[in-house]
Amino acid sequence: MKSLTRQAVAATLHCLTGCAIGEILGMVLGTALGWGNLATVVLSIALAFVFGYALTLRSVLTAGLALGAALPVVLAADTVSIASMEIVDNAVVLAIPGAMDAGLTSPLFWLSLVISLVVAFAVTVPVNRFLMARGRGHAVVHQHHHH
């Protein structure tokens, strides 16, 4: 049963990477463009999904699956994972006083982002583990991985 938790952690880390890239890029772009909080958060979430899916897609395609077959696998595996991560992540950033207004040069901004990603990671691991235990989510991806 331990390996399932390990797999869930690996899957979540994978998702976190994509989410973090998208999130930071969204924050940077939104701030650079002078967008408001809502537009910036929406952009960050959209990019988090894009990068989250892209990373999983890459690993599934590497495993030798055709794009048409890979896409539904990736969407099934990552949607819940990324969504739960983004909800928690953004809720934490919004909950930290001044974090959204801190700006990219502020340590508070980066600290709150790190805190939010850590919390999101902690919340998403059990979510992924739960899905995988039921043969859903990232378990679907792992059927296509032959390590």
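The values are calculated or read from the model by the stated rules, or taken from the named source; none is laboratory data. Keep in mind that this is a model prediction, so the values were computed, not measured. Ideal geometry is used to build each Cβ from the backbone, glycine not excepted, and the neighbour counts take in all protein chains shown.
Observations, loosely collected:
- Residue check for Gly36: surrounded by fewer than 16 Cβ atoms within 10 Å (Cβ to Cβ) and either more than 17 Å from Leu13 (Cα to Cα) or free of Cβ contacts under 8 Å to residues at least 40 places away in the same chain (or both): yes
- Index of the failed condition, Ala77 passing every other in (1) under 13 Å from Ile24 (Cα atoms); (2) at pLDDT below 80: (1)
- Sole residue being touching a residue at least 60 places away in the same chain (Cβ under 8 Å), outside any loop (DSSP other than H, G, I, E, B), polar (S, T, N, Q) and within 19 Å of Val74 (Cβ to Cβ), chosen from Thr5, Thr56: Thr56
- Criterion violated by Tyr53 - all others in (1) modelled with pLDDT of 80 or more; (2) surrounded by fewer than 20 Cβ atoms within 10 Å (Cβ to Cβ) satisfied: (2)
- Residues of the stretch 80-103 classified as part of a loop (DSSP other than H, G, I, E, B) and either exposed (fewer than 13 other Cβ atoms within 10 Å of the Cβ) or modelled with pLDDT of 80 or more (or both), total: 3
- Screening the candidates Leu117, Leu71 for the property of being under 18 Å from Phe49 (Cα atoms), of a type outside the set (Lys, Arg), over 12 Å from the mean Cα position of the chain (by Cα) and modelled with pLDDT of 80 or more yields one hit, Leu71.
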